[in-house]
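These notes are about the structure you will find just below.
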Amino acid sequence: MRRSRSSPVQSGGSESTSSWKSSASATARILRASAARRPRTIGAVIATADYELLRERAGLVERPPAAVFDLTGAEAAEFLQGQVTNDVEALAPGAGCYAALLDHKGKIRADMRVLRLAPDRLLVVAEGQARALLDHNFTTYSLGRQVSHLDLSDDHRVLSLIGPAARDGLDPAPGPDEHDHVTGPYGVAAATDAGVDLICGPNQAAAARAELGLPEVGEEAAECLRIERGRPRLGHELDGAIPQEAGLNERAVSFTKGCYVGQETVARLYYKGKPNRHLRGLRLSAPAEPGERVLLGEREVGTIGSACVSPVHGPIALALIRREAEPDQEVLVGDGAHPAVVVDPPFAP
């Protein structure tokens, strides 16, 4: 059931370029080729000043429009518990979790943060492309349940405060664990692996910009850090993946909670199976673009999900790759058949 009322977020109030290191001879050869063929233009050129700001101090990044939903009611947590992969009912107010919505084959349709604002209130934040899907699910499967949902997506945004000084000036600030959150003058402040995200309305966003005084940084620098950390993203590496393939079991899946759509596949793969694909990093000899093929010999083993030229690591990428392409193996990327080396993410500092 949908509702119309006030939003929960309206209440309350680096490093410079360095060499890449590897003992593998294939890696050394590829890196020599990369140094001799620096790109003039690519789709994800990273401004070194922005990158270093996020690594060494802190900056503010306005994220693309997100899907933001407020769920309330006595059965809100129980309802979402049956929809997603993680244990929502176990969350205490002020805590949160990362979770996924799957299809019946166990493949990811959406991923999300779930923040428990109160015993009977949850805030769900997901990629903007998942908005229609989540709205449909919340509307369809909440019939007859004591839960209602409000779509806040049109007038709310996510501001990411990234860097070691991201918490400076935040009062109150969230707890230290990822997804810990608190409501304050800038909306809901939620801890992330890179700093703090503010889920806020327009007035709160303006106040955060004016009062926190953090320089604004482009999305490209934040994406570079995400790729370096090996964090997959919907629209890039996650679409159609089983959680274990994308390395999400530890972060997003509870194997002790009750049933949810796709659970049988997830559990069977975890206890008895072996994934056909794995999330891998690629150290590239030339910049790549999302969607480019990855070949092992003459066989296609995956496609590039995300790519950038890191000021520290040079050209790198994330991809879901078939298991026969193991770490330290050489693969070819794109129509130009540029060599790359497979690595386990995250990329070493």
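Before moving on, here are some points about what is shown:
- Amide H within-cut-off set for Thr85, under 5 Å, with H built and near neighbours excluded: Ala100
- Packing-based ranking, highest mean first, of 167-176, 258-267, 300-309 given that Cβ atoms within 10 Å are counted: 300-309, 258-267, 167-176
- Residue-wise HN-Hα couplings along segment 94-99, as the Karplus relation 6.51 cos²θ - 1.76 cosθ + 1.60 with θ = phi - 60° gives them from phi, are x, 10, x, 8, 9, 8 Hz; Gly and Pro carry x.
- Considering helices alone, the calculated mean residue ellipticity of the chain at 222 nm is -6000 deg cm²/dmol, with DSSP H runs of length four and up weighted by -39500 (n - 2.57) and normalised per residue.
- Amide H to amide H distances under 5 Å link Asp180 with Gly96, Ala191, where only residues 5 or more positions off or on other chains count and H is placed in the peptide plane.
- Of the residues Ala118, Ala132, Tyr186, the one whose Cα sits farthest towards the positive end of the charge dipole of segment 59-217 is Ala132 (charges of +1 on Lys and Arg Cβ, -1 on Asp and Glu Cβ, taken about the Cα centre).
- Taking amide H as placed 1.01 Å from N in the peptide plane, Ala241 has its amide H under 5 Å from the amide H of Ile108, each at least 5 places away in sequence or on another chain.
- Whole-Hz ³J(HN,Hα) from phi, Karplus 6.51 cos²θ - 1.76 cosθ + 1.60, for segment 187-192, glycine and proline x: x, 8, 9, 10, 5, 10
- Neighbours of Gly258 by Cβ distance under 10 Å: Lys/Arg scored +1, Asp/Glu scored -1, total -2.
- Couplings 3J(HN,Hα) of segment 125-140, computed from phi: 10, 9, 4, x, 5, 8, 4, 4, 4, 5, 4, 4, 5, 5, 6, 6 Hz, in residue order, whole Hz [Karplus 6.51 cos²θ - 1.76 cosθ + 1.60, θ = phi - 60°; x for Gly and Pro].
- Cβ crowding within 10 Å averaged over residues, with 157-166, 138-147 ranked highest first: 157-166, 138-147
- Inter-site label distance for Ala74 and Asp103 at 7 Å from Cα along Cβ, in nm: 3.7 nm
- Computed label-point distance, nm, for sites Ala267 and Arg145 using a 7 Å Cα→Cβ extension: 1.9 nm
- Rounded FRET efficiency, nearest 0.05, which uses the C-beta distance separating Leu133 from Ala210 and R0 of 45 Å: 0.80
Where a number appears in this text, it was derived from the coordinates with a stated rule and is not lab data. Every value quoted in this text rests on a predicted model; they were computed, and no experiment measured them. In this analysis, Cβ positions are derived from the backbone assuming ideal geometry, glycine residues included, and neighbour counts consider all displayed protein chains.
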